[in-house]
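First up is the structure itself, then whatever we jot down about it.
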């Protein structure tokens, strides 16, 4: 066992990590939202077949591209804010001590 002292978190790396995690969740939620969006497009009786196809493609692209991008943006902002606040606490508490296993055994 080895002890490490963490005195600072990298703002960009924490923000990127949380942003990517949120983008994965955004993709999963977007995939689920596709079904509701496409069913709403297909149930519209005023659109012809080509409008329904275009609307379905638009909903699918929006849910699979825009949802994860928005989730990444909010996750990145949250991660940046979280790491800035954590750095303030780490500075006043003189860091946090972690126990690390050198052998890689659990």
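Each value in this text was obtained by applying a stated rule to the coordinates, not by laboratory testing. A quick note: this is a predicted structure, and the numbers were derived from the prediction, not measured. Every residue, glycine as well, gets a Cβ built from its backbone with ideal geometry; the counts of neighbours run over all protein chains shown.
Here are a few things to note about the model shown:
- Yes/no for residue 4 being touching a strand residue (DSSP E or B) at 6+ places or on another chain (Cβ under 7 Å), within 30 Å of residue 103 (Cβ to Cβ) and surrounded by 17 or more Cβ atoms within 10 Å (Cβ to Cβ): no
- Members of segment 41-52 that are surrounded by fewer than 17 Cβ atoms within 10 Å (Cβ to Cβ) and in contact with a helix residue (DSSP H, G or I) (Cβ under 8 Å, 6 or more places away or on another chain): 42, 44, 47, 52
- Condition met for residue 15 (touching a helix residue (DSSP H, G or I) at 6+ places or on another chain (Cβ under 8 Å) and more than 30 Å from residue 96 (Cα to Cα)): no
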